[in-house]
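The values are calculated or read from the model by the stated rules, or taken from the named source; none is laboratory data. Predicted model, so just to flag it, every value in this text is computed and none were measured. Every residue, glycine among them, receives a Cβ derived from its backbone with ideal geometry; neighbour counts consider all protein chains shown. For accessibility, only protein heavy atoms count, side chains too; no ligands or nucleic acids. Shrake-Rupley method; radii C 1.70, N 1.55, O 1.52, S 1.80 Å.
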Amino acid sequence: MKETVLNKFKELFGDGDGVHVYFAPGRVNLIGEHTDYNGGHVFPCALTIGTYAAVRKRDDRVLKFYSMNFPELGVIETSLDELTPSDAAGWTNYPKGVMWAFAERGMKMDRGLDIVLNGNIPNGSGLSSSASLEVLTGYYLKDLYGFDVTNIDLAKIGQYSENHFNGMNCGIMDQFASAMGRKDHAIFLDTADLSYEYAPLVLDGAKIVVTNSNVKHSLVNSEYNVRRSECEKALEELQTVVSIHGLGDLTEEQFEAYRSAIKDEVRVKRAKHAVYENQRTIRAVEALKNNDLPLFGELMNASHVSLRDDYQVSCDEIDVLVEEAWKVDGVIGSRITGGGFGGCTVSIVKDEAVESFQAQVGAAYQERVGRKADFYVVEIGDGPSRL
Ligand code: GLA
C-alpha cells in the first residue's frame, strides 16, 4: 500500500523531497453499541486495514486532493481559504473538516498540501473509513506543521469536525479507536470521562470475523441523529426523578425503578438499550479477563437482540447474517457492529469453524437475500503512524 500510494503521488505531483506516507486504521466494535453518546462504555479495536496518505507541503495556500478509491473524481483542488463544507467537495469534506477544526483551535496551516490517498476499508461498511481519514489527516497535520496535540486530541478533533463540519452527530468511539489503537488489544473506553484501559485480545483458538452485508441503507445519518435525540430526551425525563449525567450512570435495576418517568414507549426502549448495553459491555470485558469466551459471546448475541428490537438500528439483511451465524457450530457470538442500517456484523468464531462459517453463512445469505456477503478474518493493529 505504501509503494502504491507513493508511486501515484509521484505520477501526479512529481518526485522530489518532502513526501511522507502516513497510515491510520479503521475499527471494529466488539460490544458497546450506541453507548458512546450516552456516557457509557465501548469496546472497539483498531484494524490493520485503514487509510494511507502520501503528503507534501506546497509553497502556496492551495490544497490538492486525489483518492485512489475515487479515481473518476480526478485531482480536487481547493485552498486553505475555502475550508467550508459543500456537497460538491464529496469525500474531501472529511480532511477539510479536520483542517478547519485545527484552525478553530488556533492551529493554522501556513502552506497548502498535495495529498494522495488510498484506503483498504470497504466504503460504507461501518468499519469507520471516515474516522480513519479524520485521524490520518490530524496525524499528518501534527507531523508536518508541528502542532502540539496528543492522539486523544486527534480523536476529539476528528469527532468535532464530523459533528460540526459534516453534520453527523457521532460519538467519539470511532476516532478514539483509530487514534489510540494498539496491536492485539481492544480498548475499554468509558465515554463519560474518556478513561480507558487496553485489554489483550489474543483469542485462544478463535478468530474475529467481520462479515460485510454489502448493503447500506440511506437512513444511516438521519436515523442516527434521531436515536441520539431520543436518548437525550429520555435522559432529561429521567433527570426529573434521579440525579445522573448520562444513561450510562444507571444500572439495570435503577433503570427499571425510574423508567416510568419516560413518557413515551419508544424512548423507553431506546434508553433501555443504552443502559443494558453499557452494563453488558462492562460484563463482557470482565468475562474476557476471566477467559470466559462463551459468556463474552452470549453478551454479544444479547447486544444484537437489543439493537434489533429496542434500539431498532438493524435491518433484514444484517439480521439474516446474524441468525445464520448463530446456527453455525463453533460460533461463539455474533452481532451487528457500528452505527447500523447495513454495514457489517462481527463474529467470534473458533479456528476450526472459520471456513465452514464463511461457506454456510455466505450460501444462506445468497439464498435468502440474493446478495453476496464478504468475509474478513481481521487482525487488530496499531493506531496512526508515519511509515
Ligand atoms: C457510529 C458512530 C459512533 C457510535 C456507533 C454506534 O459508528 O460514529 O460514534 O455511536 O455508530 O455505536
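Every residue, every condition in (1) open to solvent by 20 Å² or more (accessible area, probe 1.4 Å); (2) modelled with pLDDT under 95; (3) hydrophobic (A, V, I, L, M, F, W, C), yes or no:
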position	(1), (2), (3)
MET1	yes, yes, yes
GLY16	yes, yes, no
LEU30	no, no, yes
HIS34	no, no, no
ILE49	yes, no, yes
LYS57	yes, no, no
TRP91	yes, yes, yes
TYR94	yes, no, no
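Exactly one of (1) within 16 Å of the ligand (Cβ to nearest atom); (2) in a loop (DSSP other than H, G, I, E, B) is unmet by SER132. Its number?
Of (1) within 16 Å of the ligand (Cβ to nearest atom); (2) in a loop (DSSP other than H, G, I, E, B), only one is false for SER132: (2).
Quick one: which residue in ASN214, ASN169, ASN221 is surrounded by 15 or more Cβ atoms within 10 Å (Cβ to Cβ), assigned to a loop (DSSP other than H, G, I, E, B) and under 24 Å from the mean Cα position of the chain (by Cα)?
Details: ASN214 fails: assigned to a loop (DSSP other than H, G, I, E, B); ASN221 fails: assigned to a loop (DSSP other than H, G, I, E, B).
After ruling out the rest, the residue left standing is ASN169.
Among the residues of the stretch 179-188, is any without any contact (Cβ under 8 Å) to a residue 24 or more places away in the chain, charged (D, E, K, R) and away from the ligand (no atom under 14 Å from the Cβ)? Quick ask: steps written out before the conclusion?
Within the stretch 179-188, the first condition is being without any contact (Cβ under 8 Å) to a residue 24 or more places away in the chain, and the residues that meet it are none.
Scanning the stretch 179-188, I find no residue that is without any contact (Cβ under 8 Å) to a residue 24 or more places away in the chain, charged (D, E, K, R) and away from the ligand (no atom under 14 Å from the Cβ), so the answer is no.
Under the condition of being within 19 Å of THR92 (Cβ to Cβ) and surrounded by fewer than 18 Cβ atoms within 10 Å (Cβ to Cβ), which residue from the stretch 144-165 is farthest from the ligand (Cβ to nearest atom)?
Ranking the qualifying residues of the stretch 144-165, first place goes to TYR145.
Matching residues to (1) modelled with pLDDT under 95; (2) within 21 Å of ILE172 (Cβ to Cβ); (3) surrounded by 13 or more Cβ atoms within 10 Å (Cβ to Cβ):
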{"site": "LEU235", "(1), (2), (3)": "no, yes, yes"}
{"site": "VAL241", "(1), (2), (3)": "no, no, yes"}
{"site": "LEU250", "(1), (2), (3)": "no, yes, yes"}
{"site": "GLU256", "(1), (2), (3)": "no, no, no"}
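Out of curiosity, is SER125 among the hydroxyl-bearing types (Ser, Thr, Tyr), outside any loop (DSSP other than H, G, I, E, B) and within 16 Å of the ligand (Cβ to nearest atom)? It would help to see each step written out before you state the result.
Numbers: among the hydroxyl-bearing types (Ser, Thr, Tyr): yes; outside any loop (DSSP other than H, G, I, E, B): no; within 16 Å of the ligand (Cβ to nearest atom): yes.
Against the criterion (among the hydroxyl-bearing types (Ser, Thr, Tyr), outside any loop (DSSP other than H, G, I, E, B) and within 16 Å of the ligand (Cβ to nearest atom)), SER125 does not qualify.
Which of the residues spanning the stretch 17-45 are small (Gly, Ala, Ser) and within 14 Å of the ligand (Cβ to nearest atom)?
Pass one, the stretch 17-45, residues small (Gly, Ala, Ser): 18, 24, 26, 32, 39-40.
Passing the criteria: GLY26, GLY32, GLY39, GLY40.
Looking at (1) assigned to a loop (DSSP other than H, G, I, E, B); (2) out of contact with any Cys (no Cβ under 7 Å at 6 or more places or on another chain), which one does ILE115 not meet, given that it meets all the others?
Checking ILE115 against (1) assigned to a loop (DSSP other than H, G, I, E, B); (2) out of contact with any Cys (no Cβ under 7 Å at 6 or more places or on another chain), the one that fails is (1).
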